[in-house]
1. Could you pull out the pairs from Lys241/Lys275; Lys30/Lys167; Lys30/Lys241; Lys30/Lys111; Lys167/Lys416 whose alpha carbons sit more than 24 Å apart here?
2. Just reorder Tyr161, Tyr512 by solvent-accessible area, largest first, 1.4 Å probe, all chains present.
3. Compare Glu209, Glu36 by solvent-accessible area with a 1.4 Å probe and give them largest first, with all protein chains kept in place.
4. Taking only protein heavy atoms and a 1.4 Å probe, what accessible area per residue, in Å², does region 22-173 have with all protein chains in place?
5. Taking just the C-alpha trace of region 73-195, give me its Rg and Dmax in Å.
Amino acid sequence: MHNAANGIKVFTLGDNKNSKNGVIADLESKSYTFDEVIDIIGFGRTTLHIFIASSIIMMAVLNETMGISIVIPAAQCDLNLSPTDKGILTGVSFAGIIVSSHFWGYMADTKGRRRTLIVSLYLTAICALVSGLSINFSMMVIMRFLVGVFISAPSATIFAYLGEFFKTVNRTLVITYASVAVGLSAVFTATTGWFVLSYDWSLDVPGTELVLRPWRLLFFVYTLPTLIGACWLTVLPESPKFYLSRGRESEAYSILVRLFLENHPNATADDFVVKHITPEAGQKDRSTGRCGSRGCWQVVKSMWNQTVPLFQRPNALNFIVCCVVQFGLFVVSAGMGLWFPDIINRLTALNVSDVTVCEALNASASKENEIALEAQFITVNAVCNDNINERVFIYAITLGGLYTALYLAMSVLMKKLGRKCLVAFNLFFSGFSGIVLQFVDNPYITVGLFCSFLVFAGTSISVLNGATVSIFPTNVRAMAVCLSLMMGRLGSVFGSNLVGLIMEQNCTLTFYLFASGSIICAALTLVLPS
(Lines give C-alpha, C1' and ligand atoms only; values in the text may rest on other atoms or scores of the structure.)
Protein backbone atom coordinates (compact mmCIF):
# COMPACT_ATOMS: atom_id res chain seq x y z
CA MET A 1 0.00 0.00 0.00
CA HIS A 2 1.25 3.49 -0.77
CA ASN A 3 0.29 6.72 0.94
CA ALA A 4 1.07 10.30 0.08
CA ALA A 5 1.88 12.71 2.85
CA ASN A 6 2.81 16.26 2.05
CA GLY A 7 3.24 15.22 -1.58
CA ILE A 8 5.94 12.63 -0.72
CA LYS A 9 5.44 9.06 -1.91
CA VAL A 10 6.12 6.48 0.83
CA PHE A 11 5.92 2.73 1.39
CA THR A 12 3.40 1.91 4.14
CA LEU A 13 4.68 -1.09 6.06
CA GLY A 14 2.05 -1.42 8.73
CA ASP A 15 -1.29 -0.05 9.88
CA ASN A 16 -1.14 2.96 12.19
CA LYS A 17 -2.80 2.37 15.53
CA ASN A 18 -4.23 5.11 17.71
CA SER A 19 -1.93 5.83 20.60
CA LYS A 20 -2.55 7.73 23.79
CA ASN A 21 0.97 8.98 23.56
CA GLY A 22 1.11 11.80 21.04
CA VAL A 23 4.88 11.48 20.63
CA ILE A 24 4.61 7.83 19.59
CA ALA A 25 1.82 8.69 17.18
CA ASP A 26 4.03 11.34 15.58
CA LEU A 27 6.88 8.86 15.31
CA GLU A 28 4.65 6.28 13.66
CA SER A 29 3.39 8.81 11.12
CA LYS A 30 6.93 9.74 10.13
CA SER A 31 8.42 8.43 6.89
CA TYR A 32 11.90 6.96 7.45
CA THR A 33 14.70 6.39 5.00
CA PHE A 34 16.04 2.84 4.91
CA ASP A 35 19.29 3.99 6.53
CA GLU A 36 17.28 5.42 9.44
CA VAL A 37 15.46 2.10 9.78
CA ILE A 38 18.81 0.27 9.98
CA ASP A 39 19.87 2.70 12.75
CA ILE A 40 16.70 1.89 14.69
CA ILE A 41 17.18 -1.86 14.25
CA GLY A 42 20.87 -1.80 15.19
CA PHE A 43 23.45 -4.58 14.81
CA GLY A 44 22.62 -7.93 16.34
CA ARG A 45 22.76 -11.71 16.14
CA THR A 46 21.10 -12.20 12.76
CA THR A 47 23.12 -9.42 11.13
CA LEU A 48 26.30 -11.06 12.45
CA HIS A 49 25.19 -14.41 11.03
CA ILE A 50 24.54 -12.76 7.66
CA PHE A 51 28.03 -11.25 7.73
CA ILE A 52 29.76 -14.55 8.57
CA ALA A 53 27.70 -16.57 6.08
CA SER A 54 28.46 -14.02 3.35
CA SER A 55 32.18 -14.25 4.13
CA ILE A 56 32.05 -18.04 3.84
CA ILE A 57 30.27 -17.75 0.48
CA MET A 58 32.94 -15.33 -0.79
CA MET A 59 35.49 -17.92 0.29
CA ALA A 60 33.53 -20.64 -1.54
CA VAL A 61 33.60 -18.63 -4.77
CA LEU A 62 37.40 -18.40 -4.69
CA ASN A 63 37.72 -22.07 -3.74
CA GLU A 64 35.68 -23.19 -6.73
CA THR A 65 37.34 -20.91 -9.29
CA MET A 66 40.98 -20.82 -8.15
CA GLY A 67 41.32 -24.15 -6.29
CA ILE A 68 41.36 -26.00 -9.60
CA SER A 69 44.85 -24.62 -10.28
CA ILE A 70 46.15 -26.75 -7.37
CA VAL A 71 44.15 -29.84 -8.31
CA ILE A 72 45.09 -29.95 -12.01
CA PRO A 73 48.81 -30.80 -11.60
CA ALA A 74 47.89 -33.66 -9.25
CA ALA A 75 45.21 -34.99 -11.65
CA GLN A 76 47.17 -34.75 -14.90
CA CYS A 77 48.37 -38.37 -14.91
CA ASP A 78 45.01 -39.94 -14.01
CA LEU A 79 43.17 -37.92 -16.66
CA ASN A 80 46.00 -37.91 -19.24
CA LEU A 81 46.01 -34.13 -19.45
CA SER A 82 48.13 -32.35 -22.04
CA PRO A 83 49.37 -28.77 -21.45
CA THR A 84 46.49 -27.55 -23.64
CA ASP A 85 43.99 -29.58 -21.60
CA LYS A 86 45.30 -28.05 -18.38
CA GLY A 87 44.97 -24.56 -19.85
CA ILE A 88 41.36 -25.26 -20.83
CA LEU A 89 40.50 -26.60 -17.38
CA THR A 90 42.00 -23.53 -15.72
CA GLY A 91 39.84 -21.14 -17.73
CA VAL A 92 36.63 -23.08 -18.36
CA SER A 93 35.06 -22.01 -15.04
CA PHE A 94 35.58 -18.36 -15.99
CA ALA A 95 33.84 -19.08 -19.31
CA GLY A 96 30.85 -20.41 -17.37
CA ILE A 97 30.80 -17.29 -15.20
CA ILE A 98 30.94 -14.99 -18.21
CA VAL A 99 28.08 -16.61 -20.15
CA SER A 100 25.72 -16.78 -17.16
CA SER A 101 26.36 -13.47 -15.36
CA HIS A 102 23.56 -11.58 -17.10
CA PHE A 103 20.99 -14.28 -16.33
CA TRP A 104 21.91 -14.49 -12.64
CA GLY A 105 21.83 -10.70 -12.30
CA TYR A 106 18.30 -10.76 -13.66
CA MET A 107 17.26 -13.59 -11.32
CA ALA A 108 18.70 -11.88 -8.23
CA ASP A 109 16.95 -8.58 -9.05
CA THR A 110 13.58 -10.17 -9.83
CA LYS A 111 13.31 -13.42 -7.86
CA GLY A 112 15.32 -12.55 -4.76
CA ARG A 113 18.90 -12.49 -3.52
CA ARG A 114 18.53 -15.32 -1.00
CA ARG A 115 16.62 -17.72 -3.24
CA THR A 116 19.10 -17.21 -6.09
CA LEU A 117 22.04 -17.77 -3.76
CA ILE A 118 20.67 -20.97 -2.20
CA VAL A 119 19.74 -22.61 -5.52
CA SER A 120 23.00 -21.67 -7.24
CA LEU A 121 25.18 -22.75 -4.29
CA TYR A 122 23.56 -26.19 -4.08
CA LEU A 123 23.92 -26.66 -7.85
CA THR A 124 27.55 -25.54 -7.62
CA ALA A 125 28.24 -28.09 -4.87
CA ILE A 126 26.64 -30.93 -6.85
CA CYS A 127 28.66 -30.16 -9.99
CA ALA A 128 31.88 -29.67 -8.00
CA LEU A 129 31.47 -33.02 -6.24
CA VAL A 130 30.69 -34.80 -9.53
CA SER A 131 33.76 -33.19 -11.14
CA GLY A 132 35.82 -34.84 -8.40
CA LEU A 133 34.61 -38.19 -9.78
CA SER A 134 35.52 -37.41 -13.40
CA ILE A 135 37.09 -40.31 -15.29
CA ASN A 136 38.30 -38.33 -18.31
CA PHE A 137 39.07 -34.85 -19.59
CA SER A 138 35.71 -34.33 -21.33
CA MET A 139 33.70 -35.07 -18.19
CA MET A 140 35.92 -32.76 -16.14
CA VAL A 141 35.56 -29.89 -18.64
CA ILE A 142 31.75 -30.15 -18.70
CA MET A 143 31.44 -30.26 -14.92
CA ARG A 144 33.88 -27.40 -14.30
CA PHE A 145 32.05 -25.30 -16.89
CA LEU A 146 28.79 -25.95 -15.02
CA VAL A 147 30.53 -25.04 -11.75
CA GLY A 148 31.38 -21.68 -13.38
CA VAL A 149 27.80 -21.23 -14.59
CA PHE A 150 26.35 -21.74 -11.11
CA ILE A 151 29.07 -20.06 -9.02
CA SER A 152 28.54 -16.94 -11.15
CA ALA A 153 25.44 -16.11 -9.07
CA PRO A 154 27.03 -15.99 -5.60
CA SER A 155 30.22 -14.41 -6.97
CA ALA A 156 28.26 -11.18 -7.50
CA THR A 157 24.90 -11.48 -5.70
CA ILE A 158 26.48 -12.00 -2.29
CA PHE A 159 27.77 -8.40 -2.36
CA ALA A 160 24.24 -7.06 -2.94
CA TYR A 161 22.72 -9.36 -0.31
CA LEU A 162 25.24 -8.47 2.40
CA GLY A 163 25.29 -4.75 1.63
CA GLU A 164 21.52 -4.36 1.85
CA PHE A 165 21.48 -5.15 5.58
CA PHE A 166 23.71 -2.14 6.32
CA LYS A 167 23.55 1.63 5.90
CA THR A 168 24.73 3.09 2.61
CA VAL A 169 27.77 4.77 4.17
CA ASN A 170 28.88 1.50 5.78
CA ARG A 171 28.32 -0.93 2.89
CA THR A 172 31.73 -0.67 1.27
CA LEU A 173 33.42 -0.96 4.68
CA VAL A 174 31.40 -4.05 5.62
CA ILE A 175 32.05 -5.71 2.25
CA THR A 176 35.77 -4.97 2.64
CA TYR A 177 35.79 -6.63 6.06
CA ALA A 178 33.94 -9.65 4.64
CA SER A 179 36.42 -9.82 1.76
CA VAL A 180 39.13 -10.86 4.19
CA ALA A 181 37.69 -14.28 3.30
CA VAL A 182 39.23 -13.87 -0.16
CA GLY A 183 42.72 -13.92 1.34
CA LEU A 184 41.76 -16.71 3.72
CA SER A 185 40.54 -18.73 0.74
CA ALA A 186 43.99 -18.64 -0.85
CA VAL A 187 45.51 -19.76 2.46
CA PHE A 188 42.83 -22.47 2.87
CA THR A 189 43.21 -23.94 -0.62
CA ALA A 190 47.00 -23.98 -0.38
CA THR A 191 47.29 -25.43 3.14
CA THR A 192 44.62 -28.11 2.66
CA GLY A 193 46.05 -28.91 -0.78
CA TRP A 194 49.53 -29.23 0.69
CA PHE A 195 48.22 -31.55 3.44
CA VAL A 196 45.90 -33.74 1.33
CA LEU A 197 48.29 -34.12 -1.60
CA SER A 198 51.17 -35.06 0.70
CA TYR A 199 49.59 -38.52 0.95
CA ASP A 200 49.88 -41.13 -1.78
CA TRP A 201 47.07 -43.68 -1.83
CA SER A 202 44.61 -45.09 -4.35
CA LEU A 203 41.39 -47.07 -4.18
CA ASP A 204 39.75 -48.81 -7.16
CA VAL A 205 35.95 -48.59 -7.29
CA PRO A 206 34.69 -52.05 -8.35
CA GLY A 207 32.85 -52.20 -11.67
CA THR A 208 34.00 -48.75 -12.81
CA GLU A 209 37.05 -47.05 -14.29
CA LEU A 210 37.16 -44.74 -11.28
CA VAL A 211 40.25 -44.75 -9.08
CA LEU A 212 40.00 -42.66 -5.90
CA ARG A 213 43.14 -40.66 -5.15
CA PRO A 214 43.96 -37.65 -2.90
CA TRP A 215 43.21 -35.04 -5.59
CA ARG A 216 39.61 -36.27 -5.77
CA LEU A 217 39.26 -35.84 -2.00
CA LEU A 218 40.56 -32.30 -2.42
CA PHE A 219 37.51 -31.40 -4.54
CA PHE A 220 35.28 -32.46 -1.64
CA VAL A 221 37.31 -30.40 0.84
CA TYR A 222 37.15 -27.29 -1.39
CA THR A 223 33.36 -27.67 -1.68
CA LEU A 224 32.73 -27.60 2.10
CA PRO A 225 32.36 -23.76 2.31
CA THR A 226 29.86 -23.91 -0.58
CA LEU A 227 27.66 -26.40 1.27
CA ILE A 228 28.02 -24.57 4.60
CA GLY A 229 27.03 -21.25 2.99
CA ALA A 230 23.99 -22.78 1.25
CA CYS A 231 22.75 -24.46 4.43
CA TRP A 232 23.30 -21.32 6.53
CA LEU A 233 21.31 -19.16 4.12
CA THR A 234 18.23 -21.37 4.54
CA VAL A 235 17.75 -20.00 8.08
CA LEU A 236 18.59 -16.39 7.21
CA PRO A 237 16.10 -13.79 5.90
CA GLU A 238 15.78 -12.33 2.42
CA SER A 239 16.97 -8.77 1.89
CA PRO A 240 14.19 -6.41 3.02
CA LYS A 241 15.40 -3.86 0.47
CA PHE A 242 14.71 -6.37 -2.29
CA TYR A 243 11.15 -6.86 -1.07
CA LEU A 244 10.62 -3.10 -0.95
CA SER A 245 11.92 -2.71 -4.49
CA ARG A 246 9.39 -5.31 -5.68
CA GLY A 247 6.43 -3.77 -3.88
CA ARG A 248 6.23 -6.55 -1.26
CA GLU A 249 5.99 -4.28 1.77
CA SER A 250 4.41 -6.74 4.24
CA GLU A 251 7.25 -9.25 3.74
CA ALA A 252 9.84 -6.50 4.17
CA TYR A 253 8.07 -5.36 7.34
CA SER A 254 8.13 -8.88 8.82
CA ILE A 255 11.90 -9.12 8.33
CA LEU A 256 12.54 -5.67 9.76
CA VAL A 257 10.45 -6.47 12.86
CA ARG A 258 12.28 -9.79 13.24
CA LEU A 259 15.66 -8.05 13.15
CA PHE A 260 14.47 -5.40 15.61
CA LEU A 261 13.15 -7.94 18.14
CA GLU A 262 16.31 -10.08 17.94
CA ASN A 263 18.48 -7.02 18.58
CA HIS A 264 16.25 -5.74 21.42
CA PRO A 265 15.31 -8.78 23.57
CA ASN A 266 12.96 -6.85 25.87
CA ALA A 267 11.08 -5.07 23.10
CA THR A 268 7.76 -5.97 21.45
CA ALA A 269 6.54 -5.51 17.91
CA ASP A 270 4.62 -2.39 19.03
CA ASP A 271 7.93 -0.78 20.00
CA PHE A 272 9.03 -0.79 16.37
CA VAL A 273 7.96 2.73 15.42
CA VAL A 274 8.67 2.45 11.67
CA LYS A 275 5.47 2.31 9.63
CA HIS A 276 6.50 4.21 6.49
CA ILE A 277 9.71 4.02 4.44
CA THR A 278 10.59 6.59 1.79
CA PRO A 279 11.64 4.89 -1.49
CA GLU A 280 15.21 5.52 -2.64
CA ALA A 281 15.76 7.99 -5.47
CA GLY A 282 15.00 6.58 -8.90
CA GLN A 283 13.22 3.51 -7.56
CA LYS A 284 9.96 2.62 -9.22
CA ASP A 285 7.15 0.70 -7.62
CA ARG A 286 6.97 -2.83 -9.01
CA SER A 287 4.17 -5.23 -8.41
CA THR A 288 4.84 -8.94 -8.21
CA GLY A 289 2.29 -9.65 -10.88
CA ARG A 290 4.60 -8.76 -13.75
CA CYS A 291 7.21 -11.26 -12.55
CA GLY A 292 4.93 -14.19 -13.23
CA SER A 293 5.01 -13.88 -16.99
CA ARG A 294 5.57 -17.14 -18.86
CA GLY A 295 7.36 -17.85 -22.06
CA CYS A 296 10.91 -17.52 -23.28
CA TRP A 297 10.24 -14.23 -25.06
CA GLN A 298 8.77 -12.70 -21.92
CA VAL A 299 11.87 -13.69 -19.93
CA VAL A 300 14.16 -12.17 -22.57
CA LYS A 301 12.08 -9.00 -22.65
CA SER A 302 12.12 -8.81 -18.84
CA MET A 303 15.92 -9.24 -18.77
CA TRP A 304 16.22 -6.46 -21.34
CA ASN A 305 14.01 -4.15 -19.28
CA GLN A 306 16.11 -4.96 -16.21
CA THR A 307 19.33 -4.09 -18.04
CA VAL A 308 18.33 -0.90 -19.90
CA PRO A 309 18.24 1.34 -16.76
CA LEU A 310 21.97 0.76 -16.29
CA PHE A 311 22.62 2.55 -19.60
CA GLN A 312 20.31 5.47 -18.83
CA ARG A 313 20.84 8.52 -16.68
CA PRO A 314 21.86 8.77 -13.90
CA ASN A 315 23.38 5.24 -13.97
CA ALA A 316 25.10 5.11 -17.38
CA LEU A 317 28.40 6.89 -16.62
CA ASN A 318 28.92 5.16 -13.26
CA PHE A 319 28.11 1.74 -14.75
CA ILE A 320 30.51 2.15 -17.68
CA VAL A 321 33.30 3.33 -15.36
CA CYS A 322 32.69 0.39 -12.99
CA CYS A 323 32.87 -2.07 -15.90
CA VAL A 324 36.06 -0.55 -17.35
CA VAL A 325 37.79 -0.40 -13.95
CA GLN A 326 36.68 -3.94 -13.09
CA PHE A 327 38.09 -5.15 -16.41
CA GLY A 328 41.42 -3.46 -15.67
CA LEU A 329 41.62 -4.80 -12.12
CA PHE A 330 41.12 -8.39 -13.25
CA VAL A 331 43.60 -7.95 -16.12
CA VAL A 332 46.30 -7.13 -13.55
CA SER A 333 45.38 -9.20 -10.49
CA ALA A 334 44.02 -12.34 -12.19
CA GLY A 335 45.55 -12.15 -15.67
CA MET A 336 49.08 -11.54 -14.45
CA GLY A 337 48.35 -13.38 -11.19
CA LEU A 338 47.79 -16.70 -12.98
CA TRP A 339 51.37 -16.45 -14.20
CA PHE A 340 52.80 -15.47 -10.80
CA PRO A 341 53.86 -18.99 -9.67
CA ASP A 342 55.43 -19.73 -13.06
CA ILE A 343 57.35 -16.44 -13.18
CA ILE A 344 58.62 -16.79 -9.59
CA ASN A 345 59.54 -20.41 -10.27
CA ARG A 346 61.64 -19.35 -13.25
CA LEU A 347 63.30 -16.56 -11.28
CA THR A 348 64.28 -18.84 -8.39
CA ALA A 349 65.32 -21.74 -10.64
CA LEU A 350 68.13 -19.68 -12.20
CA ASN A 351 69.89 -19.15 -8.85
CA VAL A 352 71.35 -15.86 -10.02
CA SER A 353 71.33 -12.39 -8.45
CA ASP A 354 71.87 -8.83 -9.59
CA VAL A 355 69.51 -9.20 -12.56
CA THR A 356 66.13 -7.57 -13.18
CA VAL A 357 62.96 -9.62 -13.58
CA CYS A 358 62.97 -9.29 -17.37
CA GLU A 359 66.65 -10.19 -17.64
CA ALA A 360 65.99 -13.30 -15.54
CA LEU A 361 62.94 -14.27 -17.61
CA ASN A 362 64.87 -13.84 -20.87
CA ALA A 363 67.72 -15.97 -19.51
CA SER A 364 65.22 -18.59 -18.36
CA ALA A 365 63.58 -18.68 -21.79
CA SER A 366 66.97 -19.15 -23.50
CA LYS A 367 67.84 -21.98 -21.12
CA GLU A 368 64.50 -23.71 -21.78
CA ASN A 369 65.08 -23.46 -25.54
CA GLU A 370 68.50 -25.08 -25.17
CA ILE A 371 67.03 -27.92 -23.14
CA ALA A 372 64.28 -28.38 -25.73
CA LEU A 373 66.86 -28.60 -28.55
CA GLU A 374 68.92 -31.16 -26.61
CA ALA A 375 65.78 -33.21 -25.94
CA GLN A 376 65.23 -33.65 -29.68
CA PHE A 377 68.37 -35.81 -29.84
CA ILE A 378 67.68 -37.85 -26.72
CA THR A 379 65.13 -40.62 -26.60
CA VAL A 380 63.72 -41.38 -23.17
CA ASN A 381 60.70 -43.15 -21.83
CA ALA A 382 58.63 -40.31 -20.43
CA VAL A 383 57.11 -41.03 -17.04
CA CYS A 384 54.14 -38.91 -15.95
CA ASN A 385 54.93 -36.87 -12.86
CA ASP A 386 52.01 -35.53 -10.81
CA ASN A 387 54.06 -34.31 -7.84
CA ILE A 388 53.65 -30.62 -7.00
CA ASN A 389 56.62 -28.51 -5.95
CA GLU A 390 56.18 -27.25 -2.40
CA ARG A 391 57.08 -23.74 -3.53
CA VAL A 392 53.68 -23.52 -5.29
CA PHE A 393 51.92 -23.89 -1.94
CA ILE A 394 54.30 -21.48 -0.22
CA TYR A 395 53.70 -18.79 -2.86
CA ALA A 396 49.93 -19.25 -2.63
CA ILE A 397 49.97 -19.04 1.18
CA THR A 398 52.17 -15.93 1.04
CA LEU A 399 49.84 -14.18 -1.42
CA GLY A 400 46.80 -15.18 0.64
CA GLY A 401 48.42 -13.78 3.76
CA LEU A 402 49.20 -10.50 2.00
CA TYR A 403 45.61 -10.25 0.74
CA THR A 404 44.26 -10.88 4.24
CA ALA A 405 46.56 -8.32 5.85
CA LEU A 406 45.81 -5.66 3.23
CA TYR A 407 42.04 -6.16 3.47
CA LEU A 408 42.25 -5.66 7.24
CA ALA A 409 44.41 -2.56 6.79
CA MET A 410 42.02 -1.14 4.18
CA SER A 411 39.07 -1.69 6.52
CA VAL A 412 40.80 0.51 9.10
CA LEU A 413 42.02 3.16 6.65
CA MET A 414 38.74 3.48 4.74
CA LYS A 415 37.09 5.49 7.52
CA LYS A 416 39.97 7.98 7.50
CA LEU A 417 40.75 8.26 3.78
CA GLY A 418 37.39 7.47 2.19
CA ARG A 419 36.57 4.84 -0.42
CA LYS A 420 37.55 6.83 -3.49
CA CYS A 421 40.97 7.95 -2.23
CA LEU A 422 41.81 4.50 -0.91
CA VAL A 423 41.07 2.73 -4.20
CA ALA A 424 42.89 5.39 -6.22
CA PHE A 425 45.94 5.07 -3.96
CA ASN A 426 45.88 1.25 -4.18
CA LEU A 427 45.77 1.26 -7.96
CA PHE A 428 48.40 3.98 -8.32
CA PHE A 429 50.73 2.06 -5.98
CA SER A 430 50.04 -1.14 -7.94
CA GLY A 431 51.04 0.58 -11.19
CA PHE A 432 54.07 2.19 -9.56
CA SER A 433 55.23 -1.22 -8.26
CA GLY A 434 54.82 -2.75 -11.72
CA ILE A 435 57.00 -0.06 -13.31
CA VAL A 436 59.73 0.02 -10.63
CA LEU A 437 59.81 -3.79 -10.66
CA GLN A 438 61.68 -3.73 -13.98
CA PHE A 439 64.61 -1.70 -12.64
CA VAL A 440 65.30 -3.61 -9.41
CA ASP A 441 67.93 -6.36 -9.35
CA ASN A 442 67.54 -7.52 -5.73
CA PRO A 443 65.52 -10.80 -5.80
CA TYR A 444 63.74 -10.13 -2.50
CA ILE A 445 62.69 -6.61 -3.48
CA THR A 446 61.63 -7.97 -6.88
CA VAL A 447 59.30 -10.53 -5.29
CA GLY A 448 57.98 -7.88 -2.87
CA LEU A 449 57.19 -5.44 -5.69
CA PHE A 450 55.61 -8.21 -7.77
CA CYS A 451 53.33 -9.13 -4.84
CA SER A 452 52.42 -5.45 -4.33
CA PHE A 453 51.68 -5.11 -8.04
CA LEU A 454 49.11 -7.94 -7.85
CA VAL A 455 47.72 -7.59 -4.32
CA PHE A 456 47.00 -3.84 -4.34
CA ALA A 457 45.04 -4.27 -7.57
CA GLY A 458 43.29 -7.45 -6.38
CA THR A 459 42.05 -6.03 -3.07
CA SER A 460 40.51 -3.10 -4.93
CA ILE A 461 38.03 -5.48 -6.61
CA SER A 462 36.00 -6.00 -3.45
CA VAL A 463 36.08 -2.28 -2.63
CA LEU A 464 34.77 -1.54 -6.12
CA ASN A 465 32.03 -4.15 -5.63
CA GLY A 466 31.08 -2.40 -2.40
CA ALA A 467 30.96 0.91 -4.26
CA THR A 468 28.75 -0.64 -6.95
CA VAL A 469 26.32 -1.87 -4.29
CA SER A 470 26.16 1.63 -2.81
CA ILE A 471 25.93 3.57 -6.10
CA PHE A 472 23.10 1.75 -7.89
CA PRO A 473 19.44 1.53 -6.78
CA THR A 474 18.10 -1.73 -5.35
CA ASN A 475 16.07 -2.77 -8.40
CA VAL A 476 19.18 -2.97 -10.65
CA ARG A 477 21.90 -3.46 -8.03
CA ALA A 478 22.54 -7.19 -8.50
CA MET A 479 22.50 -6.78 -12.29
CA ALA A 480 25.09 -4.00 -12.05
CA VAL A 481 27.41 -6.10 -9.87
CA CYS A 482 26.96 -9.21 -12.05
CA LEU A 483 27.66 -7.40 -15.33
CA SER A 484 30.62 -5.46 -13.98
CA LEU A 485 32.10 -8.69 -12.62
CA MET A 486 31.43 -10.34 -15.97
CA MET A 487 33.65 -7.66 -17.53
CA GLY A 488 36.19 -8.47 -14.85
CA ARG A 489 36.22 -12.16 -15.76
CA LEU A 490 36.72 -11.18 -19.39
CA GLY A 491 39.65 -9.09 -18.21
CA SER A 492 41.22 -12.09 -16.46
CA VAL A 493 40.97 -14.19 -19.63
CA PHE A 494 42.30 -11.31 -21.76
CA GLY A 495 45.15 -10.58 -19.35
CA SER A 496 46.37 -14.17 -18.97
CA ASN A 497 46.36 -14.70 -22.74
CA LEU A 498 48.12 -11.38 -23.31
CA VAL A 499 50.92 -12.40 -20.96
CA GLY A 500 51.29 -15.70 -22.80
CA LEU A 501 51.45 -13.94 -26.17
CA ILE A 502 53.90 -11.10 -25.51
CA MET A 503 55.86 -11.85 -22.32
CA GLU A 504 58.49 -13.96 -24.10
CA GLN A 505 58.86 -11.50 -26.99
CA ASN A 506 58.85 -8.26 -25.01
CA CYS A 507 58.90 -8.59 -21.22
CA THR A 508 59.39 -4.86 -20.60
CA LEU A 509 56.40 -3.89 -22.75
CA THR A 510 54.24 -6.44 -20.90
CA PHE A 511 54.91 -4.92 -17.48
CA TYR A 512 54.50 -1.38 -18.82
CA LEU A 513 51.09 -2.24 -20.30
CA PHE A 514 49.80 -3.88 -17.13
CA ALA A 515 51.19 -1.18 -14.83
CA SER A 516 49.68 1.55 -17.04
CA GLY A 517 46.34 -0.24 -16.78
CA SER A 518 46.43 0.10 -12.98
CA ILE A 519 47.26 3.82 -13.18
CA ILE A 520 44.49 4.49 -15.73
CA CYS A 521 42.00 2.68 -13.49
CA ALA A 522 43.19 4.80 -10.55
CA ALA A 523 42.26 7.94 -12.50
CA LEU A 524 38.87 6.51 -13.55
CA THR A 525 37.84 5.71 -9.98
CA LEU A 526 37.97 9.44 -9.19
CA VAL A 527 34.95 9.85 -11.52
CA LEU A 528 32.77 7.67 -9.27
CA PRO A 529 30.69 9.23 -6.44
CA SER A 530 32.29 9.25 -2.99
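1. Lys30/Lys111
2. Correct descending sequence by accessible area is Tyr512, Tyr161.
3. Putting Glu209, Glu36 in descending order of accessible area: Glu209, Glu36.
4. 34 Å²
5. 16.6, 52
The values are calculated or read from the model by the stated rules, or taken from the named source; none is laboratory data. These numbers were taken from a predicted model, which means no experiment stands behind them. Protein only, heavy atoms only, side chains kept; ligands, DNA and RNA dropped before computing areas. Shrake-Rupley method; radii C 1.70, N 1.55, O 1.52, S 1.80 Å.
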